[in-house]
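Step one of this worksheet: look at the structure below.
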Amino acid sequence: MRRDFLKLLAAGLLAPRIVGAQAKYQYTVLPQEQHTDNPDKIEVAEFFWYGCPHCYNLEPFIETWLKKKPADVAFVRIPALLDESWTRDAAIYYALDAMGLIPKLHRPLFDAIHRSRLRTGSEAAFNEWLQRNGVDPQKFKAVIASGSVEAAVKRAARLTVAYNIDGTPAMAVQGRYTVSADQGGSREGILATVDYLVEQARKRK
């Protein structure tokens with residue numbers, strides 16, 4: 001997978017970017033619009049990494065935003081792969097997702113990493129965390145090694161490149177627009193820009 005990852009990363013670094021600006025909002029218009037999972041919804045995607053402190057600090061704002069999310073908006077999380085060392089955390093996310101545990105454990109995992117200094121790369125430490133949260137480490141081990149999780153991680157690597165993501169957190173709207181942390185300017189600014197871009201996507205539909 002290392003060779004494929006580096007090829008994808010190199011392709012992303014060479015991809016052109018088109019930056020759009022309104023008086024109040026900064027964002028990027030992708031040169032090639034990406035397909036989204038649900039054509040009936042406006043997709044908002046968050047590119048994140050569990051080890052990113054800025055992603056961790058954004059999470060409470062994401063949770064608040066989700067409570068008032070419009071019915072025609074679908075929200076998805078995509079673990080970014082900007083470094084090969086991020087592969088483990090992406091696999092953890094997709095394994096928990098496959099087990100139906102993201103609603104229960106996504107925020108606690110963030111807390112454990114940033115408050116308790118959990119090292120996800122340590123199998124022993126991570127298995128202990130799983131056990132404390134009622135998850136069988138052996139069952140988790142089987143899921144994270146599955147072909148479906150491997151395929152999901154490879155897809156996340158492709159999407160990281162396709163969306164020209166070069167830092168986390170970043171948001172994408174309807175496969176057409178992206179907002180970086182720098183463009184948003186603040187946690188509130190990122191989500192305000194997302195709301196603006198959702199309106200633009202709605203008008204286009």
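Quick note: the coordinates plus some simple rules give every number you see, no bench work behind them. What you see is a predicted model, and the numbers here were worked out from it, not measured in a lab. Quick reminder, even Gly has a Cβ in these numbers, built from the backbone with ideal geometry, and neighbours come from all protein chains shown.
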Query raised in the report: Any idea which of Val29, Phe140, Ser116 is furthest toward the positive side of the dipole for the chain, if Lys and Arg beta-carbons carry +1 and Asp and Glu beta-carbons -1?
Result: Val29
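Treat the count of other C-beta atoms within 10 Å as a stand-in for reagent exposure and order His54, His35 from fewest to most.
Details: His54 14, His35 8.
So the ranking, lowest neighbour count to highest, is His35, His54.
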Query raised in the report: Given Cα pairs under 8 Å that are at least 6 residues apart, what percent is the relative contact order of the chain?
Result: 34 percent
Requested in this report: State the extension gain, in nm to one decimal, for the chain segment bounded by Ala125 and Asp83, taking 0.36 nm per residue of separation less the distance between their alpha-carbons.
Outcome: 12.9 nm
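Exactly which trypsin sites (Lys or Arg not before Pro) in region 57-117 are in a DSSP loop and have at most 16 other Cβ atoms within 10 Å?
Those satisfying the criteria are Lys68, Arg117.
Evaluate the charge dipole of region 2-204 about its Cα centre and quote only its size in Debye, nearest 20, assuming +1 on the Cβ of each Lys and Arg and -1 on the Cβ of each Asp and Glu.
Values: 27 positive and 23 negative charges, 9 e Å.
Result for region 2-204 is approximately 40 debye, rounded to the nearest 20.
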Report summary line: Which residues qualify? For Ile78, with a placed amide H closer than 5 Å and at least 5 residues away or on another chain, they are Glu46, Phe47, Phe48
